[in-house]
Amino acid sequence: MQFLKTALAAGVTTAMLAGPVLAQGKPAEIKIGITTFLSGPASVFGVPGKAAAEMIAEDINKKGGIGGVPVKLSFVDEGAGGEALVSNYRRMVQDEKVDATFASISSGSCNQLVPVAEDLKVMNFMWDCGAASILETKKYRYNFRTQANGTPEMLAVLVYLLKMKPDFKTIAVVNQDYAWGRESWEIFSTALKAMKPDVQVVAELFPKFGAPDYSTEVSRLLALRPDVVLTTSWGGDLDTLVRQAGQRGLLQQSAFVLAIGESSIQRLGKDLPEGLIVGARGDHWFLHPEKKNDAAFKAFNEAFKAKTGSWPIYPVYHMAQAFSALQAAYDKAIKANGGNWPSHEQVVDAAAGTEFATGFGRPVTLRVEDNQGLEAQLVGITKAVPGYDFKVLDNMMVFDPRAITTPPGMRSVEWLKTLKPEFVKMEVPTFRH
Amino acid sequence: MNSTLAILAVLDGISYAALVFLVSVGLSLIFGVLRVVNVAHGSFYAFGAYLAATFSLAVAPLSPWLTYPALVAASIVIGVVCGGLIERFLLRPLYGRDDVLQLLITFAAFMIMDNLQRLIWGVQPIFANEPLKLLPNISVFGVNYTSYQVLLLPCVALLTLIGLRYFLRRTLAGAVIMAVTEDREAATAIGIDAKRVYFVTFIIGASFAALGGALALPTTSLVPGMGADMIVLSFAVAATAGLGQIEGTAVTALMIGLARAFIIYTQPEFEVLVPYLLMVLVLLVRPFGLFGATQLRKI
């Protein structure tokens, strides 16, 4: 009887001690909550991003998951916007108890959700939004940006323009009238003024977001005859502008710079002429010069094309980067924890300063000082080649992110003002198609 | 601004006004006859554009000239099918009830059609510019214009205005519609089938919205949300003109088109404000719109 009592006490004690250990065991799944545009004009990015997330999650799970744990996705439509987006995000974190979130595409959404993620202490990867100011004004623990921001994206395009067309005297801008259109022009024009102060800005046009007609803007630019026309527009707006400008000869009259035009190239098809400068919001391009012969890269691109009918565009690669960052953070945390499953806080600790290979471009580092991703930038010029019914990129330059990203602790606009004309002389590797 | 730029701005303004008129006139006509503020009007515009793209892309390989009848056919199909179904099954049960119900039901129709649009045509921008490419460019002071935009669209808008005026004032069917518009009860008492008039008018109004979308197709990219943008602008035009005023809608569309073009040439940062600024200014002075008249309220 005494033996039974002792055995029972030992069993209860063991169970009590084992409790916390079991809580640190592997979970059944890693839940990831993703905000993306499933409605509205930005669904041109959100829907391919969702398709990519589903493909990548399936692939991760086929290979045994992250640290042996499968991933499970849930999605929230950013198109709902405002309070509805915040409520849905809270529900996802508090009710569904997701382990990490990828939020968001729009900088407006990021501005709303970043403080919420910080409050809820959930690890959040800003997977596509570009406003530099978010991480420049406050240091966050739980929020990371797994790609670049608007500053290196615009600076790379500007340096490319100055290298390719150093003697231009006048420039006009046609951007969408919302936060990105205004902020990207502020970045570009500040840097332009610092590096080439003699250039005259002859028109600053900000048509309504989603404008169906640019005829008047095109007429005005045809009359003004600027050497260069810049646009950071995207989606249907960019397609319409390029087509209307092409139909009326503006693309032939001025040198056009499509700062984030990579995502429109396939849709524009033959309507996009040769010789336009195109930025890619990162070093993304389905014919990336350093990756195009990589078997895994080609297999992913072809699988995506088979699934969606189009080659991947930059939000697809940005989504892939968020998954790579998550995998890298978990791997690092598991290793640091002696092979045991890490706590949420340990994963967050591991994410800071992580360098991860995406397989789709150069590796990205989550800068430890401000959690800003350091991502290379690819810029090229359109060219017709056999085998494609749209233009591809040629004379591609891949910019080192360390040279073109605002140093930690500085505001982008202040840093850009300190640039000198010599900045353009940086060595940048150039690749032919 | 010199005279050369002023002429360019006038051309741009007329071209923009033509499309705005085609969409707004349908909204105004429906309100004038049915007294329904149709929120789903923007969806007819979007559906007209998308169906025109489907038809155009299908017939273009046979002959690019077939894309013109394709635009018209798409407008009629959308007007008859979507307009007819909405009037018959959603609006008709609500006639004589609170106006708010009509507003809510057309808003529901708008939301449903917005989702249907994504379901049918997806979210990627669609473009079909064959009709525009068939017509030559015109050079004005060294600036190229497409004759589709500066000649064809204004001509269609003008013909629509003249045709509508003639139809409403010189034909029996038009007289019947005008009678129902003036006094539904009296018209019914003399044997006019008001329900039928409502049905036909709604289809005509929906067809004009769809025609606006179809004619916009060759110049623009079709994207999710395009209907919502157009309904806001159409309301601004129709309200400024005075709801139900056909000629007023034409004049207001022209005013807004020209003001917008001149603003883009001179103070482009105010472009977005122009239609709404004009609307506020007009409604402050004339609450029933530029061409609207004070009406007696039946109690």
### Query
Out of all the residues in the stretch A:252-269, which are touching a residue at least 24 places away in the same chain (Cβ under 8 Å), farther than 17 Å from A:Q176 by Cα and within 11 Å of chain B (Cβ to nearest Cβ)?
A:Q253, A:Q266, A:R267, A:L268, A:G269
### Complete set of residues in the stretch A:205-218 that are in contact (Cβ under 8 Å) with a residue 12 or more places away in the chain and either buried (at least 23 other Cβ atoms within 10 Å of the Cβ) or facing chain B (nearest Cβ under 7 Å) (or both)
A:L205, A:F206, A:P207, A:K208, A:G210, A:P212, A:D213, A:Y214, A:S215, A:E217, A:V218
#### Entry: Of residues in the stretch B:191-241 being of a type in the set (F, W, Y) and crowded, with 24+ Cβ neighbours inside 10 Å, the one nearest to the other protein chains (Cβ to nearest Cβ)
B:F208
### Task
State which residue is surrounded by the fewest Cβ atoms within 10 Å (Cβ to Cβ) when the search covers only the stretch A:219-251 and only residues that are more than 9 Å from every other protein chain (Cβ to nearest Cβ) and among the β-branched types (V, I, T).
A:V228
### Task
Collect the residues in the stretch B:123-140 that are at the interface with another protein chain (Cβ under 8 Å from one of its Cβ atoms) and outside any strand (DSSP E or B), keeping them in residue-number order.
B:V123, B:Q124, B:P125, B:F127, B:N129, B:L132, B:K133
## Note on the structure
Here the residues within the stretch A:321-344 that are outside any loop (DSSP other than H, G, I, E, B) and more than 27 Å from A:M55 (Cα to Cα) are A:A336
### Task
Could you please give the count of residues in the stretch B:250-266 that are touching a residue at least 40 places away in the same chain (Cβ under 8 Å) and within 13 Å of another protein chain (Cβ to nearest Cβ)?
10
#### Entry: Long-range neighbours under 9 Å by Cβ, at least six apart or interchain, first residue farther than 26 Å from A:K292 by Cβ and free of Cβ contacts under 8 Å to residues at least 60 places away in the same chain within the stretch A:347-361, second assigned to a helix (DSSP H, G or I) and of a type in the set (D, E)
A:A350/A:D331
### Message
Scan the stretch B:7-28 and tell me whether some residue there is under 26 Å from B:I120 (Cβ atoms), touching a strand residue (DSSP E or B) at 6+ places or on another chain (Cβ under 8 Å), of a type outside the set (V, I, T) and more than 11 Å from every other protein chain (Cβ to nearest Cβ).
### Response
no
### Message
Exactly one condition in (1) buried (at least 17 other Cβ atoms within 10 Å of the Cβ); (2) over 18 Å from the mean Cα position of the chain (by Cα) is false for A:F399; which is it?
### Response
(2)
### Query
Hey, any hits in the stretch B:242-249 for a residue that's surrounded by fewer than 24 Cβ atoms within 10 Å (Cβ to Cβ) and either within 14 Å of chain A (Cβ to nearest Cβ) or more than 25 Å from B:V280 (Cβ to Cβ) (or both)?
no
### Query
Can you tell me which of A:A103, A:A131 is crowded, with 24+ Cβ neighbours inside 10 Å, more than 25 Å from A:Y214 (Cα to Cα) and under 16 Å from the mean Cα position of the chain (by Cα)?
A:A103
### Task
Exactly one condition in (1) buried (at least 18 other Cβ atoms within 10 Å of the Cβ); (2) modelled with pLDDT of 95 or more; (3) among the hydroxyl-bearing types (S, T, Y) is not met by A:S43; state its number.
(2)
### Task
Could you identify the single residue in B:G42, B:G48, B:G32 that is in contact with a helix residue (DSSP H, G or I) (Cβ under 9 Å, 6 or more places away or on another chain) and more than 14 Å from every other protein chain (Cβ to nearest Cβ)?
B:G32
### Task
Scan the stretch B:117-126 residue by residue and report those that are out of contact with any strand residue (DSSP E or B) (no Cβ under 7 Å at 6 or more places or on another chain) and surrounded by 14 or more Cβ atoms within 10 Å (Cβ to Cβ).
B:Q117, B:R118, B:W121, B:G122, B:V123, B:Q124
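Every residue, every condition in (1) of a type in the set (G, A, S); (2) in contact with a Leu (Cβ under 9 Å, 6 or more places away or on another chain), yes or no:
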{"site": "A:K139", "(1), (2)": "no, no"}
{"site": "A:Y142", "(1), (2)": "no, yes"}
{"site": "A:A156", "(1), (2)": "yes, yes"}
{"site": "A:Y160", "(1), (2)": "no, no"}
{"site": "A:K163", "(1), (2)": "no, no"}
{"site": "A:K169", "(1), (2)": "no, no"}
{"site": "A:A172", "(1), (2)": "yes, yes"}
{"site": "A:N175", "(1), (2)": "no, yes"}
{"site": "A:G181", "(1), (2)": "yes, no"}
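The values are calculated or read from the model by the stated rules, or taken from the named source; none is laboratory data. Keep in mind the model is a prediction, meaning the values are calculated, not measured. Note that each Cβ is placed from the backbone with ideal geometry, even for glycine, and that neighbours are counted across all protein chains shown.
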